[in-house]
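Please treat every number below as a calculation from the coordinates, not as lab data. Please read all numbers here as calculations on a predicted model, not as lab measurements. Cβ coordinates were reconstructed from backbone atoms using ideal geometry, including for glycine residues, and neighbour counts include every protein chain displayed.
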Amino acid sequence: MLHIKCPHCGMRSQNEFSYGGDATVKRPELGKEISDQDWDNFVYNRKSLRGKHWELWQHLSGCRQWIKVQRDTATHEIFKTLKANEEIS
Amino acid sequence: MTQSFRLESGGLINRDKKISFKFNGKNYYGYEGDTLASALIANGVHLIGRSFKYHRPRGFFGAGVDEPYAIVQLYRNGETEPNIKATEQELFEGLEAKSVNCWPSVNFDVGAINNFLKIFLPAGFYYKTFMWPKSFWYKIYEPFIRRAAGLGTASIKHDKERYEHKYEYCDVLITGSGPSGLASAYSAAKNGAKVILAEDKSRFGGTLLTSEVNIGNQSGKEWADSIISVLKEMPNVTVKNRSQVFGYYDHNMLVMSERISDHLPKTKKFHPKQRLWYIRAKEVLISSGSIERPIVFGNNDTPGVMLSSAAKEYMKVYGVLVGKKPLVFTNNDSGYETAIEFKKNGIDPIILDTRKEPQSEIIEEAKNMNINIKNSYVVVAAQGYKKVKSADIAKISDNKEELGSIENIECDCICVSGFWTPTIHLASQSGNKTKFNEDIDAFVPGISKQNEKTLGAANGIYTLEETLKDSFEKGNQLSKKITNNENKVSFPNVVEKKSTVHDKFWCVPLPKGKNYKRFLDFQNDVAVSDIEIALKEGYRSIEHVKRYTTLGMATDQGKTSNLNGLQLVSKIENKVVPAVGHTTFRPPYSPVSIGAIVGREVGKHSKPTRKSPMHSWHEKNNAVFVDAGVWLRPRYYKRGEENLFEASKREAKNVRTNVGVCDVTTLGKIDIKGPDAAELLNRVYTNAWLKLPVGKARYGVMLREDGIVMDDGTTTRISENHYHMTTTTAQAANVLSHLEYYLQLVWPELNVNVVSTTEQWAGAAVAGPKSREVLKKLFPNSDVSNEGLPFMGYMEADLFGVKAKIFRISFSGELAYEVNVESDNGYFMWEKIIEAGEEFGIQPYGTEALSTLRIEMGHVAGSELDGRTIPYDNSLEGLLNKKKDFIGKRSLSRKAFAAEDRQKIVGVVPLDKKTSIPEGSHLVKDSNAPLPNPKLGYISASCWSVEHDNPFSLAILKDGKNMIGEKLFVMSPLKNKVIPVEIVSSHYVDPKGERVRS
Ligand SMILES: [Zn+2]
């Protein structure tokens, strides 16, 4: 079970969180024209990286905040966690 | 029975306390402190079971967790448990155990015929032999295998025992209380660290209990006892025996099973049987020691062949002799320690040492005691069927390939030592990259992935002095990292006998003309010849060889077999062992009972049960409940001898003709507040929300980004910046997360707050043509007329002193209202509604009638909004606003979603107007078409229409728009039904929706 540092609450066990997918995907702006390909990339296509990956988790059984977590998908090592409003650097 | 193999004195057992027990129906006695194994051996019982595949006789091989043979069925306090190791099970008064794998009995075993049909069961026998003919598998092969093979029988009764889970955090977790565990725990604890020390066995001390050493002028055992008593007194230390750390997971999370009551005749009141500890440790010190390795020779599975360290443990800990004419077969000095112990107890052992001229302090001592030592000698084969009677021995050449002439010597046990294998399971589970240590012919931990270090014998260190030095040092270093303290403990004086290098010899060649079975895996009956076959057949990867031969796949996970298997593969393949590599170690290290894993989450506690505030009223009024997610909801209210069908029909009909009341507390409710609340709704829902007036409700559908319908519900504008959203019961939690996702991550500029208020409100739906009459009586001071409270209107009102919210919304398709009050007032509200409704014939209705009402109205619910349908499929396309963008809108223009013949919801009526249509059935054009019959759609929900008094179903049908009036067939292969049907509109009742507005 992973140990995730919620930027709001501190270190908590994985079972308090739910996974939310790739954090680098940006939703296209509302009302803007977009090609099928770009829309597909937003909705479906993911890289499924091996290695460092920025991803979203929600601290469901805690503060209910969505957070950004940089995790190694192969080793599960967590390098960094950010609040929802903090930019990935 | 007398304990003829019990020594007159010695051991750590309590000879003042006799304990009686039963094995295979016979009565025996042992002593307090015995294991079932030590007590049986003391009584001269050496045959304990039959082997898995060939049903060969099985005795004892080890004295602890590594035991591959002595698996029994245990009976305790009216319960039974399979797969118990006799070497681990502590003796208690009244214990009963039986052999497994024996039918009809351990002494006469029909299955042993397998032994003479070896050709029937070569490597991969499951894959090859039983494949053909196919029909034989179910009738003959499988039942045969199930009866013949197996490790006991699981009880099918409810387990009355209690199992607990515990979460713990510590600075340093230490796994094993041998010399390295004790030293590191002591030094870490003295340096202020929060320490947990876990010991698998009942006694602390590990090898210190059996070795002849001296630490700080105390015997090994005395030193261990003194350290443990100091540790137990320290507030920062938790010391646990009978506790095995069996799994090492991510982020330094380890799991330990504590066997609290297994050693007692019955569990004490209010005590759990076992407790599972989830331990998050900052640092882990693995001090799990090592397990002695067998040497492979002919018939090496005969009862009486066992590990030399086990023989020594039986003598020193339990005061039990494993034999009176022992042969010690060794390639290293450890065997000498066992021989010396025999000699001290008045037994004359013979040592066969594969080495030519070894010299060391221990060997010198053995010689001085006049022990018969034969150098360059090996055991070629054990003789005897149910017990070793003699051994064929021979001299072996220096290159270890040629055997001299065979001699037969009498013996009743063969104690084998093929050197030691470090127990690296936990380190390997943690992700440690293990490495092969040539000096000890075994893998040891290498590069750590997590915060873990391995100490002592588990790390391939086999001298006490070095072990203690390293362990004191590591305990101090790691605790310093955490506590910043500098309290060093002084290093004690250590006296131990020096030993010399071992011989890498591990497998005795077959003598000419003999074809003895030489076993590698004793629990799964994998012999040298099986591995040879696997390699001949082309298996190369050790993982494949393992699966094909089942080497190391039994419940002991190859603790005594893995390395010899690797040696063999590397020898045949002409590779070095590290190149072959070892198979992956996975948790659990040793079997863990399912009860411990499940913990308290059994039966009623497997999930929470939510009840509405009106629950007790429902109970009093004969409600039959149904699980709705975690909620318990009334399915129907039984009157007299009614069944579900009759009751729900009555309830639904009463809503259509009079008035009914339904508990809708479970509906998800989300409170939405903020200046941008309308904007949020406008983006989340497919229809327009910016102009909804205060005091009005609106029905909305929300999509996922992929265009699939996520949920539907009504949202009401309570005040300027305050909305009350309802969701379906099932999707309530997901919808909240969905809103939070968009507010926190996608549109943080929106100034809105959302919070779940599902539990805060109790809800009752009052539905039916007479519902307004009921409302008038409930709220005499409010204007609930069609003008005062029109369809989709909202008002706050006073319910006899209780604040209430009235929403004029309808799920049943009738004139209806939903009344909400604060949860605490729910029961009061419900009683008042029933009271006021009495004169209008009000009846409560459950989920079954609720379904009937919505199905015949064509209102979609979870069975249509099943994660596979878009708005069009549910005839909800009218709710798609063309002028604005919303979540998922772009996906709807994808080709398949816009196809002309896209699936759509329809109604389905059987032509005979009688036959009920099973949900999940398929719709086809021709019921006699050859298979696979093209499927046009499926039945999503079925009911008995109370309006038309015939069956009615909803279906999602291809090109549903153009299918109205068509005649099709419903096919249910599950129920073996074919029903001719007509396709009709999904709105089977009041298609214009006049009733809700009346
Ligand atoms: Zn948090």
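Estimate the FRET efficiency between B:LEU931 and B:LEU911 by the formula 1/(1 + (r/R0)^6), using the beta-carbon distance for r and 22 Å for R0, to the nearest 0.05.
Taking R0 as 22 Å, the efficiency between B:LEU931 and B:LEU911 is 0.40.
Its convex hull of Cα atoms gives the stretch B:192-314 a direction-averaged projected area, equal to a quarter of the hull surface, of 11.4 nm². Relative to the dominant Cα principal axis of chain B, helix B:562-573 is inclined by about 80°.
At q = 0.21 Å⁻¹, what is the base-10 log of I(q)/I(0) for the stretch B:714-819 according to the Debye formula with one equal point scatterer per Cα and no solvent? Please give it to two decimals. Rounded to two decimals, the profile gives -1.15. Counting Lys and Arg as +1 and Asp and Glu as -1, what is the net charge of the other residues whose Cβ lies under 11 Å from the Cβ of B:ASN825? Local net charge: -1.
Residue pairs exceeding 25 angstrom between C-alpha atoms, taken from B:LYS240/B:LYS604; B:LYS324/B:LYS386; B:LYS201/B:LYS316; A:LYS5/B:LYS240: B:LYS240/B:LYS604; A:LYS5/B:LYS240.
Suppose we look only past 24 Å in the calculated P(r) of the stretch B:895-997. What percent of the Cα-Cα pairs does that tail hold?
On the way: 1177 of 5253 pairs.
Considering the stretch B:895-997, 22 percent of its Cα-Cα pairs are separated by more than 24 Å.
The length gained by stretching the chain between B:VAL602 and B:GLU438 to full extension, at 0.36 nm per residue less their Cα-Cα distance, is 54.1 nm.
Using C-alpha pairs below 8 Å separated by at least 6 residues, the relative contact order for the stretch B:828-968 is 26 percent. In chain B, the longest principal axis of the Cα atoms and the axis of helix B:644-657 are about 30 degrees apart. Note on the protein assembly as shown: Cα Rg divided by 2.2 N^0.38 Å, N the number of residues, gives 1.18.
Which entries in the list B:LYS53/B:LYS389; B:LYS160/B:LYS273; B:LYS536/B:LYS575; B:LYS85/B:LYS232; B:LYS453/B:LYS504 go over 19 Å, if you measure between the two C-alpha atoms of each? Going by Cα-Cα distance, B:LYS53/B:LYS389; B:LYS85/B:LYS232; B:LYS453/B:LYS504 fall outside the 19 Å limit.
Dimensions of the stretch B:589-746 based on its C-alpha atoms, expressed as ranges along the principal axes with the largest first, amount to 65, 51, 28 Å. Spatially, the stretch B:382-399 and the stretch B:733-765 are offset by 77 Å when compared through their Cα centroids. Taken about its Cα centre, chain A carries a charge dipole of roughly 380 debye when the Cβ of each Lys and Arg holds +1 and the Cβ of each Asp and Glu holds -1.
Full extension of the chain between B:LYS673 and B:GLU222 gives 155.4 nm of extra length, using 0.36 nm per residue less the Cα-Cα distance. Under the simplified labelling scheme, the B:ASP959-B:PHE645 pair shows an inter-label distance of 3.5 nm, with each label point 7 Å from Cα along Cα→Cβ. The C-alpha atoms of chain B define a longest principal axis, and helix B:334-344 lies at about 60 degrees to it. Charge dipole of the protein assembly as shown (Cα centre as origin; +1 on each Lys and Arg Cβ, -1 on each Asp and Glu Cβ, all else neutral): 1100 debye, rounded to the nearest 20.
Quick one: grab the alpha carbon gyration tensor of the stretch B:746-890, order the square roots of its eigenvalues as a ≥ b ≥ c, and give me rounded if a/c is under 1.5, else prolate or oblate depending on whether a/b is larger than b/c. Note, shape of the stretch B:746-890 comes out prolate.
For chain B, the normalised intensity computed at q = 0.05, 0.08, 0.09 Å⁻¹ comes to -0.48, -0.91, -0.99 (log10 of I(q)/I(0), Debye sum over alpha carbons, equal scatterers, no solvent). Note on B:ASN408 and B:LYS536: their simple-model spin labels are 2.9 nm apart, each label 7 Å out from Cα toward Cβ.
The alpha carbon centroids of the stretch B:534-558 and the stretch B:646-714 are separated by 59 Å. Restricting the trypsin sites (Lys or Arg not before Pro) of the stretch B:250-296 to loop positions (DSSP other than H, G, I, E, B) with no more than 16 neighbouring Cβ atoms within 10 Å leaves B:LYS266, B:LYS268, B:LYS269. Stretched out straight at 0.36 nm per residue, the stretch from B:GLU96 to B:VAL230 would grow longer than its current Cα-Cα span by 44.5 nm. Pick out, in residue order, every one of the chymotrypsin sites (Phe, Trp or Tyr not before Pro) in the stretch A:6-89 that is DSSP loop and has at most 16 other C-beta atoms within 10 Å; say none if there are none. Taking the stretch A:6-89 and a limit of 16 other Cβ atoms within 10 Å, the loop chymotrypsin sites (Phe, Trp or Tyr not before Pro) found are A:TYR44.
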